Amino acid sequence: MRPSTSKHVRRQHVDIDFTLRRVFKKQAFRPVQREVITAALDGNDVYIQAATSFGKSLCFQLPAVVDHGITIVVSPLLALVDNQVSALRAANIKVATLNSQIPRPERDDILSDLRCGHPHTRLLYVTPEYCKLSHFRRHLEIVHAQRELARIAVDEAHCISEWGHDFRPAFLDLRWFKTTFPDVPIIALTATATSRVRRDIIDALGLNRHKLRVFEMTTLRPNIHYEVRFKSDDKGPYDDFLKWLRAAQGRRAARLAAAEERDGRRSALNDKDKSQDPGTLPGIIYTLYRKDCESLAAQLRSDGIGAIPYHAGLPKETKADHLAGWVAGRPGYAVVVATTAFGMGIDKEDVRFVVHWQIPKTFEGYYQEAGRAGRDGKAARCVLYYGREDRDRALTLMLRDALTKAAGRMQKAEPELAKMKNRSESFQELFMYCENTGACRHRLICDYFGEATPSMHCQFACDWCKDAKDLAERKEKGLVAENWCEDQMTPYGLLSWET
Ligand SMILES: Nc1ncnc2c1ncn2[C@@H]1O[C@H](COP(=O)(O)OP(=O)(O)OP(=O)(O)O)[C@@H](O)[C@H]1O
């Protein structure tokens, strides 16, 4: 690593504005980005927690471009890696990725770049599992010996915590980085961490407390309109959704036509809009079940909506085509019907709606997935279809899953049940959020993540702030078909076991 002389630091800090404009084509830093980047370039370990779409990736990508050496980016999802790698390549940044799906010749080229000790690659994306491989570790040791290992970025860092919603055991082995290269700074990033998960991330990665900068920003996404729609078990949400989508598409088409008429030309639209059918609204529908992805996408197509499925069981080529077509706004690819395999980190700026077909499995998952909407800062809508039957089914599956796991590993039954308890608490918070007709949804989300919002008002950007009376009536009417009885064994009762 180069020494951190004040001259060096000053030079880097001048570079960052230039690099932001020249390489990343952004006009200005968003609030706090500059401070995070400066802290990273000063050689600190950094923990950053900020809302979905805050622009966290820039906080390690820009330092990787201005700094000396290579940055290793640990990322949990291949779809997310592909998404980021294509954007970086488009900006002419030397970026590579190593994982089990990379063809052999390409993998050999990247490894030989590392082996020379002075890699040309500025950012190398890897999965946490790849970081465990001894040959990869040996290559990093060579790079480090040449003082060319600039930084380790751990994206979606909440995956390291057993208390987090997407725990991935291989993340725990990332401790190896600090143990082996104590002088190499680490930057850990997440949008979803409670205080317990935050502590876990810092401890598990072994971040240096004497040289650690912690940035915790709001989880608020003011441009998202949150709404819960209630469904009874005898009626699915399809008709309601289609009606809403058609109305929204109609309003959009009318707005665009009016703008065109006013200006007398299409210049009222940005380039992305021009490439799309003006009435088409880019969006995501999340469903818990693979079979729903296929059938719902087919049903929407038969109703004239460009919809495509995305789930882990589809062939690799189909998934790549569907993701690329959706990101590019290709005709016929406006709406992706996906399982949570599509959740974390996917960045498409103009997603105008996210719909949850069923209640998701955790509060954090809901926030993450909803966070795919409105990443351009413009208004977007997130609708969650909530029914008590879905909720009870999810609870039963969760319970069965935990008991099976615990039975399979009797010696680890207790931690397994503890994790389960945590997950079910998160789920419980989510269904209480759905059932809540007495508070601002933005506020409820902030409360969940432990963020104080004493005087917050969302400016009508949720169903409660828009019309609390209507919300209560819709709940009453929507859930009426369900045999709900408060003194039956409630979901809360189901979940309140002791570990
Ligand atoms: N300073 C900036 N000016 C304009 N756009 C920016 C800036 N910084 C980041 N962006 C854009 O904001 C979008 C979101 O950034 P990014 O994907 O890094 O979000 P994130 O914080 O990682 O969110 P998530 O946790 O949801 O994945 C991207 O399209 C990115 O190009």
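Residue under question is residue 195, and the condition is that it be in contact with a Gly (Cβ under 6 Å, 6 or more places away or on another chain), in the same structural domain as residue 79 (by the TED database), among the hydroxyl-bearing types (Ser, Thr, Tyr) and away from the ligand (no atom under 16 Å from the Cβ); does it hold? For residue 195, the condition - in contact with a Gly (Cβ under 6 Å, 6 or more places away or on another chain), in the same structural domain as residue 79 (by the TED database), among the hydroxyl-bearing types (Ser, Thr, Tyr) and away from the ligand (no atom under 16 Å from the Cβ) - is met. Reported count of residues in region 60-103, each being within 11 Å of the ligand (Cβ to nearest atom), within 16 Å of the chain's Cα centre (by Cα) and crowded, with 21+ Cβ neighbours inside 10 Å, is 2. Can you tell me which residues in region 363-391 are within 11 Å of the ligand (Cβ to nearest atom), within 21 Å of residue 244 (Cβ to Cβ) and small (Gly, Ala, Ser)? Those that are within 11 Å of the ligand (Cβ to nearest atom), within 21 Å of residue 244 (Cβ to Cβ) and small (Gly, Ala, Ser): 370, 371, 373, 374. Scanning region 392-399 for residues that are within 30 Å of residue 421 (Cβ to Cβ), outside any helix (DSSP H, G or I) and away from the ligand (no atom under 15 Å from the Cβ) turns up nothing.
Residues in region 408-452 that are modelled with pLDDT under 85, charged (D, E, K, R) and not in a helix (DSSP H, G or I): 409 only.
Selection of region 42-59 for residues being surrounded by fewer than 24 Cβ atoms within 10 Å (Cβ to Cβ) and more than 13 Å from the ligand (Cβ to nearest atom) yields 42, 43, 44. When each of 79, 28 is tested for being at pLDDT 95 or above and assigned by the TED database to the domain that holds residue 196, the lone residue that passes is 28. One residue is enough: does region 229-245 have a residue meeting the conditions within 16 Å of the ligand (Cβ to nearest atom) and surrounded by fewer than 17 Cβ atoms within 10 Å (Cβ to Cβ)? No, region 229-245 contains no residue that is within 16 Å of the ligand (Cβ to nearest atom) and surrounded by fewer than 17 Cβ atoms within 10 Å (Cβ to Cβ). Annotation: of all residues in region 18-41 being aromatic (Phe, Trp, Tyr) and near the ligand (Cβ under 10 Å from one of its atoms), the one that is farthest from residue 62 (Cα to Cα) is 29.
Checking the stated criteria, residue 392 turns out not to satisfy the condition of being of a type in the set (Asp, Glu) and either touching a strand residue (DSSP E or B) at 6+ places or on another chain (Cβ under 9 Å) or in the same structural domain as residue 168 (by the TED database) (or both). Looking across region 163-197, the residues that are part of a helix (DSSP H, G or I), crowded, with 21+ Cβ neighbours inside 10 Å and under 19 Å from the mean Cα position of the chain (by Cα) come down to 171, 197.
The values are calculated or read from the model by the stated rules, or taken from the named source; none is laboratory data. All of these numbers come straight from a predicted model, not from anything done at the bench. Backbone-built Cβ (ideal geometry, glycine too); neighbour counts: all protein chains shown.
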